[in-house]
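Step one of this worksheet: look at the structure below.
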Amino acid sequence: MNMHILGTGSALPSTVVTNDDLTKYMETSDEWIRERTGIGSRHLSTGETVASLAIEACNKALENAGKKAEDVELILVATCSPEMMLPCCACQVQAGIGASKAVAFDVNAACAGFLFSLNTAYSYLKSGMYKNALVVGAEVLSKIMDWEDRTTCILFGDGAGAVYVEAAEDEEDTYSFVQHSDGVKGMVLKCGTRDLNNPLYKGEEQSKFVWMDGREIFKFAVGQIPVCINEAMDKAGLTKDNIDLFILHQANKRIISSIAKRMELPEDRFPTNVERVGNMSSAAIPVLLDECNRNGQLKKGMRLVLSGFGAGLTFGASIFSW
Ligand code: ACO
């Protein structure tokens, strides 16, 4: 069994917010943000939801693949910023696109969420349980940002990306992956939800906004990701010379440049869009993949590495042929 990505789609909120626009709301500058992160603008929701963006991305992915929603068997939505705890976003997507036969559930592995979901879809397909899936990364992070914390809120953007995948009876299985979690170091990037407050017990109040130790995250990403990608290439029996493009989580440009440097690879093998969309957590990889697909950068037979990393800590790398 092999898994093919047959279609991609993405959706971004209509409102673009530049670094200069942010100076209206906080003490910052285009120069500071660009120099440290490579980010120039991001899309922020003015009413779009995780579910509405995910639905739009899925409809585009199905159209791109030439497939019908009613034939979809599995829907996985990776998100850490859903509107609702119940029902899950994937079930809202199922209803929104009319995929009545599909089984649908969410996955939360933060910025590695799309990658872990894609690996989950692959495992289901390989087991023979389902023949196809829609895998989505969707976030409206602007609602969980502390807009008074200028070190963090300037990094993130809202959006969604989706892929339609199908099982194929090829002779060679070209999909492989490695994934890891390190909960011991997890509290360097966190966001609380509701406090415990029942008739028997009132818990301590916790922040409902994202808090991050930026320097620790930087060290984690630059230290672990080259090792993780090398591990995935070893597992697949490949070297960096066999890989055409490295599509990494778009946390910030400095992280991606440092990873390319450590791997002794030219930066043009690492496409980026973080300059225009910021860090969209689980949506980052599928939105970039969709852009590369639609602008003709992906040619049949190309070998791609996807690598995600983020809160948890969670990180991984997947390799497959386009
Ligand atoms: N505008 C202007 N000045 C600012 C801003 C801002 N937006 N934010 C912070 N500053 C100031 C600080 O107050 C500080 O001033 P001081 O020296 O007078 O105290 C100064 O700039 C330096 O602040 P630091 O926090 O030390 O800045 P640093 O150089 O570490 O850069 C950054 C911060 C960009 C967050 C960096 O640590 C980084 O890139 N970390 C990676 C984090 C990341 O990408 N996370 C993404 C989420 S996780 C994921 O997706 C994997």
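The residue pairs whose first member lies in the range 257-277 and is under 11 Å from Gly38 (Cβ atoms), whose second member is aromatic (Phe, Trp, Tyr), and whose beta carbons are closer than 9 Å, counting only pairs six or more residues apart or on different chains, are Ser257/Phe270.
Only one of the numbered conditions (1) under 24 Å from Gly159 (Cβ atoms); (2) over 20 Å from the mean Cα position of the chain (by Cα) is not met by His249, and that is (2). Hey, could you check the range 138-154 for residues that are more than 20 Å from Ser10 (Cα to Cα) and in a loop (DSSP other than H, G, I, E, B) and say which is nearest to the ligand (Cβ to nearest atom)? For the range 138-154, the residue satisfying everything is Ile154. Selection of the range 153-180 for residues being in contact (Cβ under 8 Å) with a residue 40 or more places away in the chain and of a type in the set (Asp, Glu) yields Asp158, Glu166, Glu169, Asp170, Glu172, Asp173. Entry remark, the range 172-206: residues being outside any helix (DSSP H, G or I) and either over 24 Å from the mean Cα position of the chain (by Cα) or away from the ligand (no atom under 16 Å from the Cβ) (or both) number 22 in total.
Of the helices (runs of 4 or more DSSP H) lying entirely inside the range 37-137, those carrying at least 3 residues that are open to solvent by less than 20 Å² (accessible area, probe 1.4 Å) and not aliphatic (A, V, I, L, M) are 113-127. With respect to Asp213, is the statement that it is within 11 Å of the ligand (Cβ to nearest atom) and either at negative phi or of a type in the set (Ser, Thr, Tyr) (or both) true? Yes, satisfied.
Residue check: Val16 meets all listed conditions (1) more than 16 Å from the ligand (Cβ to nearest atom); (2) open to solvent by less than 10 Å² (accessible area, probe 1.4 Å); (3) out of contact with any helix residue (DSSP H, G or I) (no Cβ under 7 Å at 6 or more places or on another chain); (4) aliphatic (A, V, I, L, M) but one, namely (2). Taking the range 161-171 as the range and being away from the ligand (no atom under 16 Å from the Cβ) and either of a type in the set (S, T, N, Q) or in a strand (DSSP E or B) (or both) as the test, the residues that pass are Ala162, Val163, Tyr164, Val165, Glu166, Ala167, Ala168.
A quick yes/no check of all residues on (1) within 16 Å of the ligand (Cβ to nearest atom); (2) surrounded by fewer than 17 Cβ atoms within 10 Å (Cβ to Cβ):
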site: Cys228; (1), (2): yes, no
site: Ala232; (1), (2): no, no
site: Ile255; (1), (2): yes, no
site: Lys261; (1), (2): yes, yes
site: Pro266; (1), (2): no, yes
site: Asp290; (1), (2): no, no
site: Thr314; (1), (2): yes, no
site: Phe320; (1), (2): no, no
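Tell me the residue from Lys143, Lys131 that is within 19 Å of the chain's Cα centre (by Cα) and basic (Lys, Arg), please. Of the residues listed, the single one that is within 19 Å of the chain's Cα centre (by Cα) and basic (Lys, Arg) is Lys143. Mind counting the residues in the range 234-244 that are outside any helix (DSSP H, G or I) and open to solvent by 10 Å² or more (accessible area, probe 1.4 Å)? Within the range 234-244, residues that are outside any helix (DSSP H, G or I) and open to solvent by 10 Å² or more (accessible area, probe 1.4 Å) number 4. Total residues in the range 300-312 satisfying the condition of being surrounded by fewer than 18 Cβ atoms within 10 Å (Cβ to Cβ) and assigned to a strand (DSSP E or B): the figure is 1.
The values are calculated or read from the model by the stated rules, or taken from the named source; none is laboratory data. No experiment lies behind these values; they were computed from the predicted model shown. Note that each Cβ is placed from the backbone with ideal geometry, even for glycine, and that neighbours are counted across all protein chains shown. Accessible surface areas use protein heavy atoms only, side chains included; no ligands, DNA or RNA. Shrake-Rupley method; radii C 1.70, N 1.55, O 1.52, S 1.80 Å.
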